[in-house]
Amino acid sequence: MARMGVSTTLQEQMAEITRRDKHDSERKHSPLTKARDAYLVETTNTTIEEQVERVLALLKTVLK
């Protein structure tokens with residue numbers, strides 16, 4: 001956002017993402033939903049490297 005010249009806080013961005021996700025999941029046509037066969041990979045407070053490790057571990061388990 002800063003590179004685009006937009007001044008915003010982390011809290012404002014989190015609120016905007018929450019608002020957008022709520023709108024997208026509650027819309028009448030084509031609401032945003034998780035696919036039945038989707039896997040949730042929790043990545044809160046993890047580095048990119050840790051995220052990649054988690055996804056690769058999941059793939060190894062699923063593709064066995």
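Observations on the model:
- Residue match in segment 33-40 (condition: surrounded by 10 or more Cβ atoms within 10 Å (Cβ to Cβ), part of a helix (DSSP H, G or I) and within 15 Å of the chain's Cα centre (by Cα)): no
- Failed condition for GLN11, given (1) surrounded by 10 or more Cβ atoms within 10 Å (Cβ to Cβ); (2) assigned to a helix (DSSP H, G or I): (1)
- Exactly one residue out of HIS29, HIS23 is free of Cβ contacts under 8 Å to residues at least 40 places away in the same chain and surrounded by 10 or more Cβ atoms within 10 Å (Cβ to Cβ), and it is HIS23.
- Extreme residue, surrounded by the most Cβ atoms within 10 Å (Cβ to Cβ), among residues of segment 46-64 that are in a loop (DSSP other than H, G, I, E, B) and modelled with pLDDT of 95 or more: THR46
- Scope segment 1-45; condition more than 26 Å from VAL55 (Cα to Cα) and acidic (Asp, Glu); matching residues: GLU12, GLU16, GLU26
- Residue that is farthest from MET1 (Cα to Cα) [pool: residues in segment 14-32 that are part of a loop (DSSP other than H, G, I, E, B) and charged (D, E, K, R)]: LYS28
The values are calculated or read from the model by the stated rules, or taken from the named source; none is laboratory data. Keep in mind the model is a prediction, meaning the values are calculated, not measured. When we count neighbours, we look across all protein chains shown, and the Cβ atoms used for this are built from the backbone with ideal geometry, even at glycine.
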